[in-house]
There are 2 protein chains.
Amino acid sequence: MLTKKELKEYCSNARENYLPHISIDCVVFGFHEGLMKVLLLQIKNGGEWYLPGGFVLKKEPIETAANRVLKERTGLNNIFLQQFHVFGDPERSKQHFDMYKDMLPAKDNWFTNRFLTIGYYALVDFYNVNPAPDQFSADCIWCDLNNLPELKLDHAAILKTALDALRLQLNYQPIGYNLMPKEFTMPELQKLYETILDEKLDRRNFQRRMLGFGILKRSEQLRRGGAHKAPYLYSFELENYNAALKEGFKGRW
Amino acid sequence: MLTKKELKEYCSNARENYLPHISIDCVVFGFHEGLMKVLLLQIKNGGEWYLPGGFVLKKEPIETAANRVLKERTGLNNIFLQQFHVFGDPERSKQHFDMYKDMLPAKDNWFTNRFLTIGYYALVDFYNVNPAPDQFSADCIWCDLNNLPELKLDHAAILKTALDALRLQLNYQPIGYNLMPKEFTMPELQKLYETILDEKLDRRNFQRRMLGFGILKRSEQLRRGGAHKAPYLYSFELENYNAALKEGFKGRW
């Protein structure tokens, strides 16, 4: 929670630089070897939990704003964020209203405004990134998706909607290029899908469907050294993978 | 194009009632017996073509705004609109800037603001709806998707993005309840998908995939009276259909 002086300065700066009534929230899912996490900020002292979020500069493209916000709040860079929904309930910022409404008159108070928030999500390998909070606002932590703290505002609903969008995406777009090693076995890829969907999948159906997408190529090499029959190794066929990212899977009807 | 007096009145009213910097655009696709159309507005006299669009009232949920805008601009009511993307390039409203910038000083001129626009789409039976333009702005017409007039602003890109979203939706959500008769044959349903995708589909793959979704039930009755072998009749299993609308198709991995 800001002091009155800090609030006044923040609001005056915000009014000058940002589009009013519009915010951005980022849901960054992290995957590594069968574990799913999500990146959250914890306000210092207050202890309240939020998604990383911020505002759009007056002349800034919204995709640029989303990446800047994520960088400022978490130290994360160059993450491909996917827009998934705008949350536009007029009551959604009410907790902000209540928190700050007595500290500054409404006309000067950025936080008593209504904000529509544009939701973005990403899925990254959490092992490869080191979130670092900015100086004044927060700690920045990977939290277990199955054991989340209580989130402020409507951030729990935003996170749930992002997870639904990610799960739907598995049906029409490829996933995993930045998460899998260069070569992987079908069971390793299946583990990624099972972790995102939080359910066990049938091995044969999974293999048939994945091969049907036309984004995998099978290596001449087998994986050596295991106790079982050596499994085939696969890698992503990048041209098809990227085309499917843009246009969705083709020729499946 | 508005006169200076009309513009002044419009802008003063808009500033009082609407959230600044946010607009809504609606892409309404119409289907009937193998034809796809899209609903466009033509400005009177000017002859320019636009998607139906408008603004969000200061205390209005954005979904309510989308339906109100569509109703005001086209006479269409009770259409389920699906949010699909926010277009946030800072230059996207440039044609509006240029059109009105000399008529009013920027501080009074609503149209020289930057607008992010929230895109919504719907798919309806165009045979059942009679679009009626509002009194002052436009004609409202179903246009052939394959033979569109030139659209102003970035509306051609918005329409293209909506069509891509609709086509992707076929992979993860059901479609057609408000478009098909109560009972229909598999080739009739296939025709709907072929029209949306604008391509011929394989009969057997289509049937296998549709049945796999678990949203159809087969009637005891066959369709009688044709020259060929009587085909099976199907209807939608509404409980599963509605669940899949909310959560995407299940159990497909």
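Within the stretch B:220-238, how many residues turn out to be modelled with pLDDT under 90 and either in contact with a helix residue (DSSP H, G or I) (Cβ under 9 Å, 6 or more places away or on another chain) or of a type in the set (Ser, Thr, Tyr) (or both)?
1
Take the stretch A:64-81 and flag every residue that is out of contact with any Asp or Glu (no Cβ under 7 Å at 6 or more places or on another chain) and either surrounded by fewer than 17 Cβ atoms within 10 Å (Cβ to Cβ) or more than 14 Å from chain B (Cβ to nearest Cβ) (or both).
A:Thr64, A:Arg68, A:Leu70, A:Lys71, A:Thr74, A:Gly75, A:Leu76, A:Asn77, A:Asn78, A:Ile79, A:Phe80
Please go through (1) over 21 Å from B:Ile24 (Cα atoms); (2) in contact with a Leu (Cβ under 7 Å, 6 or more places away or on another chain); (3) within 14 Å of another protein chain (Cβ to nearest Cβ) for B:Leu166 and return the number of the only condition it doesn't satisfy.
Status for B:Leu166: all satisfied but (1).
Among A:Leu211, A:Leu216, A:Leu233, A:Leu201, which is the only one that is out of contact with any Asp or Glu (no Cβ under 9 Å at 6 or more places or on another chain) and not assigned by TED's automatic domain parsing to the domain that holds A:Phe31?
The unique qualifying residue is A:Leu211.
Have a look at B:Tyr172, B:Tyr234, B:Tyr241 and point out the one that is among the hydroxyl-bearing types (Ser, Thr, Tyr), touching a strand residue (DSSP E or B) at 6+ places or on another chain (Cβ under 7 Å), surrounded by 12 or more Cβ atoms within 10 Å (Cβ to Cβ) and touching a residue at least 40 places away in the same chain (Cβ under 8 Å).
One residue alone meets the criteria, B:Tyr234.
From the list B:Gln169, B:Gln207, exactly one residue is closer than 23 Å to A:Leu168 by Cα and under 18 Å from the mean Cα position of the chain (by Cα). Which is it?
B:Gln169
Select from the stretch B:194-231 the residues that are surrounded by 15 or more Cβ atoms within 10 Å (Cβ to Cβ) and of a type in the set (Lys, Arg) and write down the one among them that is nearest to B:Leu163 (Cα to Cα).
Out of the qualifying residues, it is B:Arg209.
Taking the stretch A:70-128 as the region of interest, how many residues are more than 18 Å from the chain's Cα centre (by Cα), without any contact (Cβ under 8 Å) to a residue 12 or more places away in the chain and outside any helix (DSSP H, G or I)?
Summing the residues that are more than 18 Å from the chain's Cα centre (by Cα), without any contact (Cβ under 8 Å) to a residue 12 or more places away in the chain and outside any helix (DSSP H, G or I) in the stretch A:70-128 gives 4.
When you check B:Leu40 against the structure, is it more than 22 Å from B:Pro133 (Cβ to Cβ), surrounded by 19 or more Cβ atoms within 10 Å (Cβ to Cβ) and not acidic (Asp, Glu), yes or no?
No; evaluated as a whole, the condition is false for this residue.
Looking only at residues that are charged (D, E, K, R) and touching a residue at least 24 places away in the same chain (Cβ under 8 Å) in the stretch B:4-32, which one is surrounded by the fewest Cβ atoms within 10 Å (Cβ to Cβ)?
By that ranking, first place goes to B:Lys4.
Hey, among the residues in the stretch A:153-168 that are buried (at least 18 other Cβ atoms within 10 Å of the Cβ) and either acidic (Asp, Glu) or free of Cβ contacts under 8 Å to residues at least 60 places away in the same chain (or both), which one's nearest to A:Ile118 (Cα to Cα)?
The extreme case among them is A:Asp154.
The values are calculated or read from the model by the stated rules, or taken from the named source; none is laboratory data. Predicted model only: the values in this text are computed from it and were never measured. Cβ coordinates were reconstructed from backbone atoms using ideal geometry, including for glycine residues, and neighbour counts include every protein chain displayed.
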